[in-house]
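Enquirer: Let me give you the structure first, and then I'll get to my questions.
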Amino acid sequence: MQPIAQFFSRFDVGTKRYQEIAAIASLRKKWSVIVGQTLGAKTAPLRLQKKTLTIVVESSTWAHHLSMSRELILENLTKHTNHGIEKVRFSVGAVPEHLAPTDDVDVESEDPSPYDESLRDLLLRVKKKSLALQASKIKKN
(Lines give C-alpha, C1' and ligand atoms only; values in the text may rest on other atoms or scores of the structure.)
Protein backbone atom coordinates (compact mmCIF):
# COMPACT_ATOMS: atom_id res chain seq x y z
CA MET A 1 0.00 0.00 0.00
CA GLN A 2 1.41 3.39 -0.97
CA PRO A 3 1.55 6.41 1.34
CA ILE A 4 -1.26 8.90 0.89
CA ALA A 5 1.19 11.64 -0.14
CA GLN A 6 2.43 9.55 -3.08
CA PHE A 7 -1.13 8.80 -4.15
CA PHE A 8 -2.12 12.49 -4.19
CA SER A 9 1.13 13.57 -5.89
CA ARG A 10 -0.06 11.93 -9.13
CA PHE A 11 -2.84 14.48 -9.61
CA ASP A 12 -2.23 17.82 -11.29
CA VAL A 13 -5.45 19.60 -10.35
CA GLY A 14 -5.27 21.05 -6.86
CA THR A 15 -2.01 19.28 -6.05
CA LYS A 16 -1.20 21.80 -3.32
CA ARG A 17 -4.48 21.08 -1.52
CA TYR A 18 -4.00 17.33 -1.84
CA GLN A 19 -0.51 17.69 -0.36
CA GLU A 20 -1.96 19.61 2.59
CA ILE A 21 -4.58 16.90 3.13
CA ALA A 22 -1.87 14.24 2.98
CA ALA A 23 0.26 16.22 5.45
CA ILE A 24 -2.64 16.47 7.92
CA ALA A 25 -3.27 12.72 7.60
CA SER A 26 0.41 12.09 8.27
CA LEU A 27 0.42 14.47 11.26
CA ARG A 28 -2.69 12.87 12.75
CA LYS A 29 -1.13 9.43 12.45
CA LYS A 30 1.88 10.38 14.59
CA TRP A 31 0.40 13.27 16.60
CA SER A 32 0.92 11.64 20.02
CA VAL A 33 4.59 11.06 19.17
CA ILE A 34 5.01 14.70 18.14
CA VAL A 35 3.24 16.34 21.08
CA GLY A 36 3.00 13.52 23.63
CA GLN A 37 -0.03 11.69 24.96
CA THR A 38 -1.21 14.51 27.20
CA LEU A 39 -1.43 17.05 24.39
CA GLY A 40 -2.53 14.35 21.96
CA ALA A 41 -5.64 13.89 24.10
CA LYS A 42 -6.41 17.62 24.21
CA THR A 43 -5.43 18.68 20.68
CA ALA A 44 -5.42 17.60 17.04
CA PRO A 45 -3.95 18.97 13.81
CA LEU A 46 -6.85 20.51 11.93
CA ARG A 47 -5.58 22.24 8.81
CA LEU A 48 -2.35 23.12 7.06
CA GLN A 49 -2.35 26.17 4.80
CA LYS A 50 0.58 28.25 3.61
CA LYS A 51 2.99 26.54 6.03
CA THR A 52 0.72 27.37 8.99
CA LEU A 53 -0.65 24.48 11.02
CA THR A 54 -3.95 25.08 12.78
CA ILE A 55 -4.30 22.95 15.88
CA VAL A 56 -7.72 22.44 17.44
CA VAL A 57 -7.67 22.51 21.24
CA GLU A 58 -10.47 21.55 23.58
CA SER A 59 -10.50 24.76 25.64
CA SER A 60 -9.26 28.33 25.74
CA THR A 61 -7.11 27.41 28.74
CA TRP A 62 -5.21 24.87 26.66
CA ALA A 63 -4.94 27.36 23.80
CA HIS A 64 -3.40 29.90 26.17
CA HIS A 65 -0.91 27.42 27.65
CA LEU A 66 0.07 26.10 24.24
CA SER A 67 0.57 29.57 22.81
CA MET A 68 3.38 29.96 25.35
CA SER A 69 4.87 26.67 24.09
CA ARG A 70 4.59 27.54 20.40
CA GLU A 71 8.35 27.39 19.70
CA LEU A 72 8.73 24.00 21.34
CA ILE A 73 5.82 22.60 19.35
CA LEU A 74 7.36 23.95 16.14
CA GLU A 75 10.67 22.37 17.12
CA ASN A 76 8.99 18.98 17.60
CA LEU A 77 7.11 19.33 14.31
CA THR A 78 10.36 20.07 12.48
CA LYS A 79 12.08 17.17 14.22
CA HIS A 80 9.39 14.59 13.37
CA THR A 81 8.02 15.77 10.02
CA ASN A 82 9.18 17.23 6.74
CA HIS A 83 6.13 19.38 6.02
CA GLY A 84 7.96 22.72 6.28
CA ILE A 85 5.59 24.07 8.94
CA GLU A 86 6.68 27.58 9.94
CA LYS A 87 3.81 28.71 12.17
CA VAL A 88 1.20 27.18 14.43
CA ARG A 89 -2.07 28.70 15.52
CA PHE A 90 -4.67 27.40 17.92
CA SER A 91 -8.40 27.17 17.48
CA VAL A 92 -10.79 26.21 20.28
CA GLY A 93 -13.18 23.46 19.31
CA ALA A 94 -14.05 19.83 19.68
CA VAL A 95 -11.10 17.47 19.30
CA PRO A 96 -12.28 14.66 17.02
CA GLU A 97 -12.88 11.59 19.18
CA HIS A 98 -11.25 9.23 16.71
CA LEU A 99 -8.00 11.21 17.11
CA ALA A 100 -7.97 11.64 20.87
CA PRO A 101 -6.98 8.77 23.16
CA THR A 102 -9.93 7.44 25.15
CA ASP A 103 -8.21 7.60 28.54
CA ASP A 104 -7.89 10.99 30.20
CA VAL A 105 -4.17 11.51 30.78
CA ASP A 106 -2.81 13.37 33.82
CA VAL A 107 0.24 15.50 33.02
CA GLU A 108 1.96 14.66 36.29
CA SER A 109 1.47 10.89 36.24
CA GLU A 110 2.08 10.32 32.54
CA ASP A 111 5.06 8.23 31.56
CA PRO A 112 6.56 10.52 28.91
CA SER A 113 8.00 9.31 25.67
CA PRO A 114 11.51 10.55 24.90
CA TYR A 115 9.97 12.97 22.40
CA ASP A 116 7.80 14.95 24.77
CA GLU A 117 9.83 15.23 28.00
CA SER A 118 10.74 18.87 27.46
CA LEU A 119 7.16 19.72 26.52
CA ARG A 120 5.89 17.89 29.60
CA ASP A 121 8.32 19.81 31.83
CA LEU A 122 7.22 23.09 30.31
CA LEU A 123 3.55 22.27 30.86
CA LEU A 124 4.23 21.33 34.48
CA ARG A 125 5.99 24.69 35.04
CA VAL A 126 3.09 26.55 33.43
CA LYS A 127 0.62 24.60 35.56
CA LYS A 128 2.53 25.40 38.78
CA LYS A 129 2.76 29.11 37.93
CA SER A 130 -0.92 29.19 37.07
CA LEU A 131 -1.84 27.57 40.40
CA ALA A 132 0.45 29.96 42.30
CA LEU A 133 -1.15 32.94 40.55
CA GLN A 134 -4.64 31.67 41.41
CA ALA A 135 -3.59 31.14 45.05
CA SER A 136 -2.17 34.68 45.30
CA LYS A 137 -5.41 36.13 43.87
CA ILE A 138 -7.44 34.20 46.45
CA LYS A 139 -5.22 35.47 49.29
CA LYS A 140 -5.70 39.08 48.13
CA ASN A 141 -9.48 38.72 48.27
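Enquirer: Does VAL107 meet the test of being at pLDDT below 70 and open to solvent by 90 Å² or more (accessible area, probe 1.4 Å)?
Expert: no
Enquirer: Which number in (1) at pLDDT 90 or above; (2) assigned to a helix (DSSP H, G or I) marks the one condition that LEU119 misses?
Expert: (1)
Enquirer: Select from the stretch 77-90 the residues that are at pLDDT 90 or above and closer than 15 Å to GLY40 by Cα and write down the one among them that is most open to solvent (accessible area, probe 1.4 Å).
Expert: Restricting to residues being at pLDDT 90 or above and closer than 15 Å to GLY40 by Cα, the top hit is PHE90.
Enquirer: So which residues in the stretch 16-47 are over 19 Å from LEU72 (Cα atoms) and hydroxyl-bearing (Ser, Thr, Tyr), if there are any at all?
Expert: Within the stretch 16-47, TYR18, SER26 meet the criteria.
Enquirer: Another question, then. Picking from VAL56, VAL33, which residue would you name as being under 25 Å from SER130 (Cα atoms) and at pLDDT 85 or above?
Expert: VAL56
The values are calculated or read from the model by the stated rules, or taken from the named source; none is laboratory data. What you see is a predicted model, and the numbers here were worked out from it, not measured in a lab. Surface accessibility is based on the protein's heavy atoms, side chains included, excluding ligands, DNA and RNA. Shrake-Rupley method; radii C 1.70, N 1.55, O 1.52, S 1.80 Å.
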